[in-house]
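Input: one structure, supplied below.
Read-outs: derived from the displayed coordinates by stated rules, not from any lab. Only a predicted model underlies this, so the values are computations on that prediction, with no experimental measurement involved. Cβ placement follows ideal geometry from the backbone for every residue including glycine, while neighbour counts extend to all protein chains displayed.
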Amino acid sequence: MGTKAWTGNAVTHYKDAPARTLTADGVTFAYRELGRTGGVPVVFFVHLAATLDNWDPRIVDAIAKNHHVIAFDNRGVGASSGVVPDTIEAMADDAYMFIRALGHDMIDVFSFSMGGFIAQVLVEKHPGLVRKLILTGTGPRGGQDIDKVVGTTYYDMLRAVVTRKDPKEFLFFNRNAVGKPAASAFIKRLGERTVDRDKPISLKAFRTQLKAIRAWGRSAPADLSKITQPTLIANGDNDRMVPSVLSEDLHRRINGSELVIYPDSGHGGIFQFHEKFVASAIDFLDR
């Protein structure tokens, strides 16, 4: 399918994007799309344990103002059918199947955390599919301490239970005078959609994703010099889940890439600094 002419779209806010499904090779994928249809769509690759309801509407809405945005649940996640694969590579294969089933032969990618792992494999396997690549809160295959995400995640989930808070408040944000209000504001934004909310991820699916992340972290490093797409990398300066030094590692190894590190912020730096991030992301996509 070639590039279409720009057309209008009545849906401009993520909270109003209709819940849709598409079946490919026996898998029914749940997805939402909004913004200006046509052109090169921006496909969102989500993080560990996340469903469609975990995207920050301030980021989605801002990018969708002048772009076609597509967010989806991979196999076995949320309202998508099937069983979650136990490797990042298989997740990338499913993402490719979904994108091609939608009829797209070129996309831009916006990825966060585990979604960034999947995006790297997608580019490696199908370089002609991706025009521009945004990698946030993520790191390379075999990156130092990525396999420790499992322990960090369980520890912060326990902290959340004890304090009756959302685990993302601990996993994504610094627990200080700046991070705590940013975390609360982010969690509040995630609740703006009140109808057709996604199904939560199952415990079995979550554990399988953790298994895949551990394997990714312990695998041999990939040759990132093969990534020739324009690439924007962003993170907070104190990422406890995927260490911030790995964003710098990606930057060094992906030729011509751009790097943005946000101060006094963690894994969710792009959410804490969503206004600055979307300005950078839109400039990068429109260049």
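Would you look at the GNM of the chain, springs on alpha carbons closer than 10 Å, and say which of Ile213, Ile134, Ile187 moves the most?
Ile187
Non-local amide H neighbours of Val260 (under 5 Å, H modeled in plane, Pro and chain starts lacking H): which ones?
Placed amide hydrogens put Ile233, Ala234, Asn235 under 5 Å from Val260.
Another one. Identify which of Met91, Met114, Met157 has the largest mean-square fluctuation in a Gaussian network model of the chain, with springs joining Cα atoms closer than 10 Å.
Of Met91, Met114, Met157, the most mobile in the Gaussian network model is Met157.
Can you list which of the trypsin sites (Lys or Arg not before Pro) found in the stretch 108-195 are DSSP loop residues with at most 14 other C-beta atoms within 10 Å? Each step should come with its number before you reach the end.
Working: sites: Lys125, Arg131, Lys132, Arg141, Lys148, Arg159, Arg164, Lys165, Lys168, Arg175, Lys188, Arg189, Arg193; in loops: Arg141, Arg164, Lys165, Arg175, Arg193.
Within the stretch 108-195, the qualifying trypsin sites (Lys or Arg not before Pro) (loop, at most 14 other Cβ atoms within 10 Å) are Arg164, Arg175.
Which one, (1) 0.92; (2) 1.00; (3) 1.07, gives Cα Rg over 2.2 N^0.38 Å as derived from the coordinates shown?
Given (1) 0.92; (2) 1.00; (3) 1.07, the structure-derived one carries the label (1).
While we're here: Out of all DSSP beta bridges in the stretch 18-286, what portion is antiparallel? Express it as a percent rounded to 5.
30
What is the dipole size for the stretch 1-124, taken about its Cα centre, with +1 at each Lys and Arg Cβ and -1 at each Asp and Glu Cβ, in debye to the nearest 20? Don't skip to the end; give the middle numbers.
Values: 9 positive and 14 negative charges, 106 e Å.
My answer is approximately 500 debye.
Also, I was wondering about something else. Checking the cross-link filter: which aspartates and glutamates have an alpha carbon closer than 17 Å to that of Lys204, excluding same-chain neighbours under 8 positions apart?
Asp73, Asp86
Among Gly115, Gly139, Gly128, which one moves the most in a GNM of the chain with springs linking Cα atoms closer than 10 Å?
Fluctuation is largest for Gly128.
Can you give me the long-range amide H partners of Ala24? Hydrogens built in the peptide plane at 1.01 Å from N, cutoff under 5 Å, separation of 5 or more residues or another chain.
Phe29
Pairs Lys148/Lys211; Lys15/Lys180; Lys15/Lys65; Lys65/Lys132: which are spaced more than 22 Å apart, C-alpha to C-alpha?
Over 22 Å apart, Cα to Cα: Lys15/Lys180.
Highest first, please rank the peptides 262-270, 93-101 by the mean number of other Cβ atoms sitting within 10 Å of their residues.
262-270, 93-101
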